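To start, the structure under review is shown below, and the notes come after it.
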Amino acid sequence: MSAPPLVPVDPLDVRVGLPTRVDIFDVHGQLLLARGSTVYREDSAERLQQAGFKIVATTQGKGMRRHEPVFQRMEVLADTMTDMERVLLQDQGLPSFTFKVQALAQTLIACCDEDHHAALAQAYLDQHHPYSVLHHVLVGVVVAVLARSEGWSDADRISLVAAALSHDLGALALRQALGQAASLDEEQRTLVREHPDRGVQMLHGLGVRDALWLRAVQDHHERMDGSGYPQGLCLDGNAAGALMAVADGYAAMLRPRPYRERKLSLSVLDDLRQHAGTWYDTRKVQAIADCFGSYHAGSIVRLASGHMAVVTRHVPERPEQPDMMLIAVGGDHPMERPSPIDAADPDHAIVAALQPEISLRFRSMVNKCWSSQGA
């Protein structure tokens, strides 16, 4: 099937402060901004109006691309980020970098506002995209959710999520060079500690001039007690760096690295709480617990019955009894389709959190757990 034809967007399709009326693509057909996203900056709206394209409507006046569930939209976002990262690693330059990352940030924010559980689950369960991309996405999800709960303005929220999606650019080349090294020598550790500075320099070179974006990247490894790097600042709890630091710390524990395994469920929150008030702002640690829970969405868990389930949603009123879907029965035999279960049933009590890789052999069924759920 040939690709659907694209035509320039109408100025009325994208206006400041209003949800976009259509999906907006670049000239190559790459999705820039999902339908329903809101543009808060005049310059971003003008760029989309000048350089954006939309799919030609059918004769019935309906777009040819349906509104995909959050889980699928997050996969597309990760695809786009993987392509951008590949270009950056090849040092080819990336025209309109600021604009493209802001568009990705707005797409991610729209996904999180619709269903942040599905957004987190996709990045957590994803075994296809590189660690660097998925880490950026996970940090972006946490930042989008916490920034909203803290009352940051819409424009600042875009800046913060854009920072989250680019905060480790200064470590990309180093991570490629180190590969699967399980330990670092002193010279390598020095390079790691310099990556926030290097990231800011790269962003400047790519045309980023947003002060909040740059500050958030600069300070994402600083700590409340001054024990962080590169400058050893004592972060203010209300600063962008404090938000980035706790989001980065949380996200880092959700994915494995060559020198350590991922942490699971309760142990992630335990680690954050251990460093609350020293590394991380205490209120932000509590906000993560409130928003994502002891068993975050995407967690694969063993039940008292011996069956296997996936957590689909944290429920604040019953943090130890999240919404779940049954995915395998005795002996880990996959079910034909995921089935919702009553978390209050003693047989459905969670007795263990499992490594998510265990669900790979029936991944398509796991993905369906978020295919039609709302926020």
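Observations
- Dipole of the chain, positive direction: furthest Cα of L18, M224, L266, with charges on the beta-carbon: L18
- Given +1 at the Cβ of Lys and Arg, -1 at the Cβ of Asp and Glu and no other charges, the dipole of the chain around its Cα centre is 620 debye to the nearest 20.
- The GNM of the chain, with springs linking C-alpha atoms under 10 angstrom apart, assigns the highest mean-square fluctuation among V16, V161, V142 to V16.
- Averaging the sequence gap over all C-alpha pairs within less than 8 Å and six or more residues apart, then dividing by the number of residues, gives the stretch 240-290 a relative contact order of 36 percent.
- Of all stretches in the chain that contain no trypsin sites (Lys or Arg not before Pro) in a DSSP loop with at most 11 other Cβ atoms within 10 Å, the longest one is 210-375.
- Contact order, relative form, for the chain: 12 percent (alpha carbon pairs under 8 Å, 6 or more residues apart, mean separation divided by residue count).
- Choice from G36, G293, G17 showing the highest fluctuation, given a GNM over the chain with Cα pairs closer than 10 Å: G17
- Among L354, L48, L89, residue whose mean-square fluctuation peaks in a GNM of the chain (springs only between Cα atoms under 10 Å): L89
- Alpha carbon centroid spacing (whole Å) that separates the stretch 308-375 from the stretch 129-167: 26
- Taking GluC sites (Glu not before Pro) in DSSP loop states with no more than 10 other Cβ atoms inside 10 Å as exposed sites, the chain has its longest site-free stretch at 1-260.
- Only Cα pairs under 8 Å and 6+ residues apart enter the sum, and on that basis the relative contact order of the stretch 258-321 stands at 27 percent.
Bear in mind that the values in this text are calculations on the coordinates, not laboratory data. As the structure is a computational prediction, the values presented were derived from the model and not from experiment. All Cβ positions, even for glycine, are placed from backbone atoms using ideal geometry, and neighbour counts span all protein chains on display.
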